[in-house]
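One structure below.
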Amino acid sequence: MVRTIITVPDPLLREQSAPVEDPRAPEIQELITDLKESCLAAEGIGLAAPQLGVAKRVIVINHPQGKPYALVNPEIFWASSGTSALEEGCLSIPGIIVRVTRPKKVKIHALDERGEWREIAASDLLAKILQHEIDHLNGVLITDYAEGRPEHPETPQISPGALLKV
Ligand SMILES: [Zn+2]
């Protein structure tokens with residue numbers, strides 16, 4: 001079911017999300033389905049459960065080169081010292097773009113939707129999406145990275161490949 005994506009200043013976006021015990025539990029399977037459908041409906045490339053108002057550690061990734069998939073209890077266990085900056089928008093913060101500096105590469109582990117452990121070594125766009133979504137699980141938003149005033153999407157300095165719908 002497509003659910004409404006909540007937006008700032010909804011306090012649920014600032015909550016610390018709780019770990020999931022069993023990804024195969026019916027309510028988690030339903031949450032995963034809703035996340036995928038809501039992400040696709042919003043033409044997003046990633047979505048986190050808190051954006052549907054659910055404080056559980058579940059994210060979906062809808063990388064342009066694949067089908068949407070869910071990651072449960074994702075955790076970054078390694079990040080490169082090299083960083084890069086990219087303009088990011090957020091489906092929960094309409095109309096705002098922030099240039100965010102993050103590690104270029106990360107390694108994460110997570111449970112997949114069948115409850116099996118997976119390890120993902122990510123770089124470039126996928127690394128940024130993962131970090132953006134995991135931030136949501138910790139109540140962190142792109143505006144927390146803004147050094148100056150957030151830029152508006154009308155401003156011209158948005159590079160191709162910017163991370164906009166996450
Ligand atoms: Zn977001």
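The values are calculated or read from the model by the stated rules, or taken from the named source; none is laboratory data. Model, not experiment: these values are computed from the prediction. Virtual Cβ from ideal backbone geometry, glycine too; neighbours counted across all protein chains shown.
Annotations for the structure displayed:
- Filter pass, residue 54 being surrounded by 19 or more Cβ atoms within 10 Å (Cβ to Cβ) and under 13 Å from the mean Cα position of the chain (by Cα): no
- Residues located in segment 108-130, provided they are in contact with a helix residue (DSSP H, G or I) (Cβ under 8 Å, 6 or more places away or on another chain) and in a helix (DSSP H, G or I): none
- The residues in segment 131-166 that are under 12 Å from the mean Cα position of the chain (by Cα) and either surrounded by fewer than 20 Cβ atoms within 10 Å (Cβ to Cβ) or at pLDDT 90 or above (or both) can be counted, and the count is 14.
- Residues in segment 101-125 that are hydrophobic (A, V, I, L, M, F, W, C), surrounded by 14 or more Cβ atoms within 10 Å (Cβ to Cβ) and either modelled with pLDDT of 95 or more or away from the ligand (no atom under 16 Å from the Cβ) (or both): 6 in all.
- Extreme residue, farthest from residue 19 (Cα to Cα), among residues of segment 70-100 that are of a type outside the set (A, V, I, L, M, F, W, C), surrounded by fewer than 19 Cβ atoms within 10 Å (Cβ to Cβ) and out of contact with any strand residue (DSSP E or B) (no Cβ under 8 Å at 6 or more places or on another chain): 95
- Odd one out for residue 69, checked against (1) modelled with pLDDT of 95 or more; (2) of a type in the set (Phe, Trp, Tyr); (3) over 23 Å from residue 2 (Cβ atoms): (3)
- Evaluation of residue 128 against (1) at pLDDT below 95; (2) within 14 Å of the ligand (Cβ to nearest atom); (3) not polar (S, T, N, Q) (one fails), failing number: (1)
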